[in-house]
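The structure appears below as structure tokens.
No lab work stands behind these numbers, since they all come straight from the coordinates. Quick caveat: nothing in here was measured; it's all calculated off a predicted structure. Reconstructed Cβ throughout: ideal geometry from the backbone, glycine too, with neighbour counts over all protein chains shown.
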Amino acid sequence: MDISVSSRLQKADANVILVAEEDSLEKGLKAVFAPEFGKTFVRPSGNDFKMDIFVGLGKAKEISKEKLRRAAALAVAEAKKTKADSCSLPVRKCGKLSEEEFAVAATEGFILGDYAFDKYKTDEKIHVKKLALVCSPKSEKRIRNLTQKTKTICDNVVFARDTINDNADSMNPEAIAGLAGKIAKEAGLKIRVIGKREMEKLGMNLILAVGKGSQYEPKLVILEYRGNPRIKERTAIVGKGITFDSGGINLKPTGFIETMRDDKSGAIAVLAAIKTLAELKAKSNVLAVMPLAENIVGSRAYKPGDVFKAYNGKTVEINTTDAEGRLVLADAISFVEKEYKPKIIIDLATLTGACLVCFGEYVAALLSNDEKLARRIFEAGQKTFERVWQLPLYEEYKEEIKGETSDLKNLAYNNGRYAGVITGAAFIGSFVEQAAWAHLDIAGVSWYEKERFYIKKGATGWGVRMLVEMMESF
Ligand code: BES
Ligand code: ZN
Ligand code: ZN
């Protein structure tokens, strides 16, 4: 979607008017439209527009950035219903929101709300192609800069959604490594791709084990962005990249397997985030790490009961081939910490069904060995409305992942039934040596069973905006 900013009226198919309850309305309109939050009203318009789209914002003092994103998503849905190609949207100071905040939030809601995964639809694809923001002359330049940045970020959320929604066989580990290579070239990132042979030499037997049943080679992709050459410190963002999680020999049943191409949501989030940071020329040093494998059944697949030696030398018993995320993350994290020595490691993973049981689709679980880092993540998430909530990592949980015939096991505590989110995190955390580390279990938030305003059914692109928010200047 093209975003333009002007202080003068801009002609468009539809004019979008976001109305607070305190705003004065002409009489005729008042009779048919009450600007409660989420109410919409569409009517034919005069010379400059074909139609007016009114969306209620509710009480001015209760307006938030999130309400504005949602209202904008409702507006774009109305525009699409009438096949409007272009929309004009006047922005202004409203309640607690500045004119700039209003413009940015509305742009987010507009671009993300326009999203549809329609690659495989053969009928007409309807999208709004142009959003023209109208603002005061004094804010014009600033709003232009801010909304161009917002567009870069949101386009990358769209990229993440598209990549996750696509067929698991097109987005297999080799294909995603190739895609990362293309992105690295375009965005000027350093890239290292470790394939099967090198993994064997390095002893990354956990990633190898998970990928054994697949016709595709597992890959470990490491992208580097150096936006602040004056400091050495960098942050590693590591994303679980299971391109399809069948459960392996412990096959998932019908009802649980259908959406498992979303098990690469963490990897794609870190890929989209580093791509965004490079495009924005952010002043931060970031490593994006993607352990990629397909967890599939087959005569070569790894088996329950077997023990493997991890990259760091610890042995792990496989109690279930379906707890594969922690395995690939363990090797990826210990390798990256040893070779690149990042000060901070943040991993994002669709790790457990238990996370859905606990938080539903609304909140990601956060677990960390560093309170300052946890706070930073929490605050970034509040800003972008990608909300996280912290769970404890007490010593007792770390006892539960100790193995009987091996150092560790991949199924803890009452056969995995108790404290699933926490024991999953504890397993991953036991592979961290020095770094401040945080784990985000995004199993619930990465995929929506139904549409909610600017987040559509299917892949949500969760984490991209939050990671960019927290790392833009770090
Ligand atoms: N990818 C799944 C977790 C998942 C479930 C993600 C639902 C998104 C939606 C993960 O690999 C898995 O299967 N975890 C097991 C772990 C258990 C065996 C300890 C689970 O949650 O059942
Ligand atoms: Zn699994
Ligand atoms: Zn999985």
Residue ID - surrounded by the most Cβ atoms within 10 Å (Cβ to Cβ), chosen from residues in the range 252-269 that are within 11 Å of ligand 1 (Cβ to nearest atom) and among the hydrophobic types (A, V, I, L, M, F, W, C) | Met260
Boolean, Glu294 is part of a strand (DSSP E or B) and not hydrophobic (A, V, I, L, M, F, W, C) = yes
Among the residues of the range 291-307, is any over 23 Å from Ala354 (Cα atoms) and in contact with a helix residue (DSSP H, G or I) (Cβ under 8 Å, 6 or more places away or on another chain)?
-> yes
Filter the range 344-358 for residues that are in contact with a Leu (Cβ under 7 Å, 6 or more places away or on another chain) and closer than 27 Å to Val297 by Cα; which is farthest from ligand 1 (Cβ to nearest atom)?
-> Asp347
Of the residues that sit in the range 225-242 and are surrounded by 19 or more Cβ atoms within 10 Å (Cβ to Cβ) and farther than 20 Å from Gly444 by Cβ, which one is nearest to ligand 1 (Cβ to nearest atom)?
-> Ala236
The range 156-188 - residue that is touching a residue at least 40 places away in the same chain (Cβ under 8 Å), touching a Lys or Arg at 6+ places or on another chain (Cβ under 8 Å) and of a type in the set (A, V, I, L, M) and, of those, farthest from Gly113 (Cα to Cα) = Ala177
Any hit, the range 87-98, residues being part of a helix (DSSP H, G or I), surrounded by fewer than 16 Cβ atoms within 10 Å (Cβ to Cβ) and of a type outside the set (Asp, Glu) | no
For the range 41-59, does any single residue satisfy the condition of being touching a residue at least 12 places away in the same chain (Cβ under 8 Å), in contact with a Pro (Cβ under 6 Å, 6 or more places away or on another chain), of a type in the set (Gly, Ala, Ser) and not in a loop (DSSP other than H, G, I, E, B)?
-> yes
Within the range 247-272, considering residues that are hydroxyl-bearing (Ser, Thr, Tyr) and out of contact with any strand residue (DSSP E or B) (no Cβ under 6 Å at 6 or more places or on another chain), the one nearest to ligand 3 (Cβ to nearest atom) | Ser265
Do you know which of the residues in the range 309-343 that are part of a strand (DSSP E or B) and surrounded by fewer than 22 Cβ atoms within 10 Å (Cβ to Cβ) is farthest from ligand 1 (Cβ to nearest atom)?
-> Lys309
Would you mention how many residues in the range 131-155 are crowded, with 19+ Cβ neighbours inside 10 Å and either in a strand (DSSP E or B) or free of Cβ contacts under 8 Å to residues at least 40 places away in the same chain (or both)?
-> 4
Kindly indicate which of Leu366, Leu351, Leu411 is buried (at least 20 other Cβ atoms within 10 Å of the Cβ), under 18 Å from the mean Cα position of the chain (by Cα) and part of a loop (DSSP other than H, G, I, E, B).
-> Leu351
